[in-house]
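Have a look at the structure below before the remarks.
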Amino acid sequence: MSTFDLSPRLSDPDGLFEALVEAHHGLAPDASRRLDARLVLLLANHIGDVEVVKQAIATAAGAQPRTPPGS
């Protein structure tokens, strides 16, 4: 089983952030969420290891404040 690697590996993280922001520019909230979902699925497929993707999900979910259901 592979493990999720948190070490910095991007050559241009600021450029990537700018590209993500630009991809969302002008999108309605629902369209923005669909873009994120498609991107996650494409990257998960590229990674190709379900356990690594699950570790990434757990890491991302642990870093986000939770909104109570119905809020």
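The values are calculated or read from the model by the stated rules, or taken from the named source; none is laboratory data. Bear in mind the structure is a predicted one, so any value in this text is a computation, not a measurement. For neighbour counting, all protein chains shown are included, and Cβ atoms are generated from backbone atoms with ideal geometry for every residue, glycine included.
Numerical summary
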read-out: Restricting the stretch 24-36 to residues that are loosely packed, with under 13 Cβ neighbours inside 10 Å and of a type in the set (Gly, Ala, Ser), the residue that is nearest to LEU6 (Cα to Cα); value: ALA31
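Each row is one residue, and each column tells you yes or no for (1) part of a helix (DSSP H, G or I); (2) at pLDDT below 95; (3) of a type in the set (S, T, N, Q); (4) surrounded by 10 or more Cβ atoms within 10 Å (Cβ to Cβ).
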residue	(1), (2), (3), (4)
ASP5	no, yes, no, yes
PHE17	yes, no, no, yes
VAL21	yes, no, no, no
ARG38	yes, no, no, yes
LEU43	yes, no, no, yes
LYS54	yes, yes, no, yes
ILE57	yes, yes, no, yes
